[in-house]
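Just below is one structure, and these are the notes that go with it.
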Amino acid sequence: MAKPTRVFFVSDLHGSERCFRKFVNAGRVYEAQVLLIGGDIAGKTITPLYPEKGGWSGLYLGSRRWVQTAADLDRFEEDLRATGSIPYRTSPAEWAEISEDRRRADELFRKLALEVLRRWISFAESRLHGSGIRMLIGLGNDDLDEMEGVLSESKYVELTDGHVLHLDDRHELLTLPYSNITPWHTNRELSELEIAERLRKAVKQLEHPEHTVFNIHVPPHGTPLDLAPRLTPDLTKVMGPGGEPELVHVGSSAVRAAIETYRPLLGLHGHIHESKGFTQLDRTLCINPGSIYQEGVLQGLVVDLDFDGVRSHVLTTG
């Protein structure tokens with residue numbers, strides 16, 4: 001019997017450089033043949049750093065931090081990148097101008113986010129060259145469309161979006177790098193009808209749907225994988241009688257219908273950070289590893305695929 005194909009899967013790194021480095025190094029740690037990111041690799045914020053009293057200052061986890069030496073500034077920036085924020089050395093006057101000009105702010109964020117991605121790819125190529133480990137990266141609803149071009153430039157990293165890839169001789173990977181509509185109106189969102197149509201077209205490319213891994217950023221609706229806090233119109237969490245956030249299902253009904261119709265071997269999902277876990281939809285095992293990227297902690301999944309199906313799966317935290 002052939003050796004199982006081991007996949008290490010994560011999602012929703014949101015710019016955390018510490019999590020990405022852990023992800024790259026996990027290939028050797030877990031002896032995985034395939035490293036797979038299921039989307040949302042872009043950060044969400046820029047943190048301005050201002051010159052102050054011969055050093056630099058900026059906000060870190062809600063508190064102002066001041067550093068003096070170049071080495072301390074480098075460490076400060078590294079700490080910010082670990083939380084998923086992009087450090088930017090500027091002045092209060094320049095930052096005020098940027099903040100008041102939405103187009104300029106968006107252009108700056110795009111420029112910096114693509115620089116981060118290129119640095120990540122360079123790190124991955126240097127660490128994985130000659131290892132035989134494949135790295136596959138897909139995008140999510142919070143990612144920039146331009147990231148597809150940056151990923152396509154790499155001779156090592158494989159972009160999963162828009163393709164059906166073979167994980168091995170038996171198992172194919174189908175990717176949908178979007179979410180359903182969210183309250184935040186992020187960059188890559190689709191209606192349920194659009195999701196259903198894209199999945200229908202993608203499945204036609206498959207040789208054996210029953211051996212396929214669905215790498216779909218948004219989880220199926222009505223499962224333990226898609227529970228998130230209920231929000232008011234102004235995006236405030238609705239609290240229940242016990243003082244805890246009231247939870248509702250926010251996943252995709254079209255994704256659930258596709259899983260129930262095409263019955264893939266495995267569903268890999270993300271998007272809902274707080275819904276770490278797994279569930280069974282008929283023959284399909286669906287898993288969301290969750291995300292706590294702000295803490296620099298990497299949550300992931302080690303899954304072994306053999307000829308008969310999913311041999312084993314283990315959720316990890318590191």
Review point. When you go through (1) closer than 13 Å to VAL24 by Cα; (2) of a type in the set (A, V, I, L, M); (3) surrounded by 21 or more Cβ atoms within 10 Å (Cβ to Cβ) one by one for LEU128, which number turns out not to apply?
Key: (3)
Practice item. Could you tell me which of the residues VAL10, VAL24, VAL34 is crowded, with 22+ Cβ neighbours inside 10 Å, in contact with a helix residue (DSSP H, G or I) (Cβ under 6 Å, 6 or more places away or on another chain), under 18 Å from PHE123 (Cα atoms) and not acidic (Asp, Glu)? Key: VAL10
Exercise for review: Among the residues of region 1-50, write down those that are aromatic (Phe, Trp, Tyr) and more than 20 Å from ASP304 (Cβ to Cβ).
Suggested key: PHE20, TYR50
Practice item. Could you list all residues from region 261-282 that are surrounded by fewer than 22 Cβ atoms within 10 Å (Cβ to Cβ) and in contact (Cβ under 8 Å) with a residue 40 or more places away in the chain? Key: TYR262, ARG263, LEU265, HIS273, GLU274, GLY277, PHE278, THR279, LEU281
Practice item. Any chance you could count how many residues in region 263-306 are among the aromatic types (Phe, Trp, Tyr) and assigned to a strand (DSSP E or B)? Key: 1
Check your understanding: Hey, any hits in region 47-60 for a residue that's surrounded by fewer than 12 Cβ atoms within 10 Å (Cβ to Cβ), within 26 Å of the chain's Cα centre (by Cα) and free of Cβ contacts under 8 Å to residues at least 40 places away in the same chain?
Key -> no
Practice item. Evaluate region 238-259: report whether one residue or more is out of contact with any strand residue (DSSP E or B) (no Cβ under 7 Å at 6 or more places or on another chain), surrounded by fewer than 18 Cβ atoms within 10 Å (Cβ to Cβ) and of a type in the set (Ser, Thr, Tyr). Key: yes
Review point. Taking LEU139, is it in contact with a Gly (Cβ under 7 Å, 6 or more places away or on another chain) and either farther than 30 Å from ALA2 by Cα or of a type in the set (Asp, Glu) (or both)?
Key: yes
Review point. In region 214-227, is there at least one residue being under 24 Å from LEU281 (Cα atoms), of a type in the set (S, T, N, Q) and in contact with a Cys (Cβ under 8 Å, 6 or more places away or on another chain)?
Key: yes
**Study point:** Count of residues meeting criterion [within 22 Å of VAL248 (Cβ to Cβ) and among the acidic types (Asp, Glu)] in region 195-234
**Key:** 2
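Values in this text are rule-based calculations from the coordinates and carry no lab data. Just so you know, these numbers come straight off a predicted model, no measurement behind them. Counting neighbours? That spans all protein chains shown, and the Cβs are built from the backbone with ideal geometry, glycine included.
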